[in-house]
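To start, the structure itself, in structure tokens.
The values are calculated or read from the model by the stated rules, or taken from the named source; none is laboratory data. On a predicted model such as this, the values are computed, not experimentally measured, just so you know. Every residue, glycine among them, receives a Cβ derived from its backbone with ideal geometry; neighbour counts consider all protein chains shown. Surface areas here come from the heavy atoms of the whole protein model, side chains and all, with no ligands, DNA or RNA. Shrake-Rupley method; radii C 1.70, N 1.55, O 1.52, S 1.80 Å.
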Amino acid sequence: MKEKNYGMESMFGEEISLKSVHLDGRLEGALFTGKLRQKYVNETAETIEAIYTFPIAWSACLLNVALELNGNRLEALALPKKQAEDKYEDAIAGGDTPVMIEKTSKGLYTANLGNLKPGEEAFIEVEYSQLLALEDGRFRVLVPTVIGERYGDSVRNGKLAAHQAVETDFLVEYGFTAQISVIGDAALGKIASPSHVIRISEIEGGQLIQVSEPSYMDRDFVITINDLKTASTMLVAEDGPEFAVVASFFPELVAGETTSLNLKVLVDCSGSMKGDSIEQAQEALFELSERLEPTDQISYSKFGTTVEHIADQLTACTQSFIKNQLAKAIHETDADLGGTNLNKALSETFKISFSTAYSEGSDILLITDGLVWNVDEIVQQARRSNHRIFAIGVGSAPAESLLKELAEQTGGACELVTPNEQIQDAVLRVLAKLRATRTTDLSISWPTQVIWQS
């Protein structure tokens with residue numbers, strides 16, 4: 001989905017400001033660094049302030065912001081929010097062209113570009129880094145470009161200021177180009193993109209990935225790297241007299257007995273799931289139903305504005321239950337339940353009773369596009385419950401920040417699947433985690449004194 005805030009309107013209804021975004025990325029070890037270069041042009045006869053709200057990948061760390069204007073390049077300075085806002089307003093009043101980048105919500109930032117004069121062209125560069133997780137010999141790089149239409153109020157629930165709010169417009173198109181350098185062992189894997197047409201060429205030390213056809217910011221940019229042989233990775237850099245280490249370990253754990261499922265399935269049937277997303281959800285559910293064991297217990301619920309349960313307690317997975325009750329419920333699953341009231345759906349699903357034999361609590365498998373605004377409230381509620389949440393995000397631009405935060409905060413896991421990816425593979429990966437013995441005591445022994453570690 002495309003957003004009006006990706007290209008703003010003047011008071012006369014003229015489309016202005018943002019023209020395109022270019023990504024220049026680098027993946028080395030498990031560390032991905034991205035630089036987003038945003039091009040703004042004022043094609044009106046008025047001096048304007050351009051305001052652009054955009055997403056950045058979950059768990060990403062903002063490294064630098066720079067402005068290029070009239071041949072000059074300026075680097076950003078990190079300041080407390082109130083101080084930055086005061087300096088920004090003073091600069092506008094003084095006739096300068098300031099830039100301010102604010103973190104506005106989970107995974108969302110707003111670029112404020114003041115006093116862009118008629119005919120002027122400006123570039124804002126936003127640089128960030130992100131640690132990727134290597135799972136089953138696979139890296140998945142996701143660069144979000146879309147803030148889809150979300151359930152709830154973006155100002156009240158999403159904590160955005162009124163001028164930072166976004167509106168969905170399917171007719172607006174803004175160009176997107178990208179290239180990513182893959183360096184080291186990751187370049188030996190099988191590289192593909194389920195979201196864009198790409199071209200891959202060799203460079204010194206690795207591979208260069210480039211988007212090879214005209215693209216727009218109507219879907220997330222996804223790169224997958226499969227069949228990686230090296231599991232653990234490490235990067236080391238000098239930091240004065242000391243060294244900084246970024247390490248990603250993939251220990252060979254002793255496999256324990258697989259456990260039976262104590263699983264509450266919750267499926268998004270809101271209007272935003274119509275089309276590819278609801279079809280993906282049904283494929284995932286049928287795949288899950290074929291993998292259930294007689295010792296498993298599950299419940300099945302679907303939600304939109306309201307919540308519907310096919311049972312108000314966990315039910316043993318007998319052949320009769322799977323072939324009759326569950327199969328019928330999956331077949332009747334459709335995107336016909338209105339808005340995405342995820343908070344209410346989780347609250348009612350938490351209340352479904354489960355056997356006291358499961359002292360560790362119950363698990364939830366959530367299948368959704370996650371397009372909601374009240375992220376903080378949902379995460380807080382999930383943390384208070386005695387449930388792990390395993391999320392499968394579907395569609396061209398699922399809400400990565402919400403779904404990964406829910407999984408991280410509750411001890412679950414998250415899989416994101418575009419329409420061109422096999423959702424059955426994601427289901428199998430989630431099932432393996434659900435059935436695995438829980439591992440809690442992990443530690444790292446360094447051969448020297450550690451000054452600080454996360």
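A few remarks follow.
- Per-residue extension of 0.36 nm, minus the Cα-Cα distance of residue 244 and residue 445, leaves a gain of 70.8 nm for this segment.
- If you plug the beta carbon distance of residue 436 and residue 78 into 1/(1 + (r/R0)^6) with R0 = 35 Å, you get a FRET efficiency near 0.30.
- Expressed in units of 2.2 N^0.38 Å, where N is the residue count, the Cα radius of gyration of region 199-313 is 1.68.
- Take the Cα of residue 131, go 7 Å toward its beta carbon, and the backbone nitrogen atoms of region 232-260 under 20 Å from that spot belong to 232-240, 242-253.
- Exceeding the 20 Å Cα-Cα cut-off - candidates 19/274; 328/351; 35/103; 274/302: 19/274; 328/351
- Secondary structure note: in the chain, about 70% of the DSSP beta bridges are antiparallel.
- Once the Cα atoms are used to define both axes, helix 423-435 deviates from the longest principal axis of the chain by about 60 degrees.
- Rounded to whole Hz, the Karplus (6.51, -1.76, 1.60) HN-Hα couplings of region 98-104, x for glycine and proline: x, 10, 9, 10, 10, 7, 9
- Normalised radius of gyration (Cα atoms, divided by 2.2 N^0.38 Å) for region 279-345: 1.13.
- Straight-distance candidates among the aspartates and glutamates for linking to residue 323, with alpha-carbon spacing under 17 Å and chain neighbours fewer than 8 residues away dropped: 283, 287, 290, 293, 296, 332.
- Sites residue 383 and residue 70, calculated FRET efficiency, Cβ-Cβ separation with R0 35 Å, nearest 0.05: 0.10
- Probing with 1.4 Å while keeping every protein chain in the model, the per residue accessible area of region 282-376 equals 44 Å².
- Column: log10 I(q)/I(0), Debye, Cα scatterers of region 291-414, q = 0.11, 0.18 Å⁻¹: -0.38, -1.04
- Computed over protein heavy atoms with a 1.4 Å probe, the accessible surface of region 14-72 works out to 39 Å² per residue.
- Within the shell of other residues whose beta carbon sits under 14 angstrom from the beta carbon of residue 228, the net charge comes to -1, with Lys and Arg scored +1 and Asp and Glu -1.
- P(r) tail for the chain: Cα pairs beyond 44 Å make up 16% of the total.
- Among the GluC sites (Glu not before Pro) in region 177-248, those located in a DSSP loop and surrounded by at most 10 other Cβ atoms within 10 Å of their own Cβ are 204.
- Carbon plus sulfur fraction of accessible area for region 204-262, probe 1.4 Å, in percent: 51 percent
- Folded to 0 to 90 degrees: helix 375-384 orientation relative to the chain principal axis, Cα: 30 degrees
- Degrees between helix 81-93 axis and first principal axis of the chain (Cα, 0 to 90, nearest 10): 30 degrees
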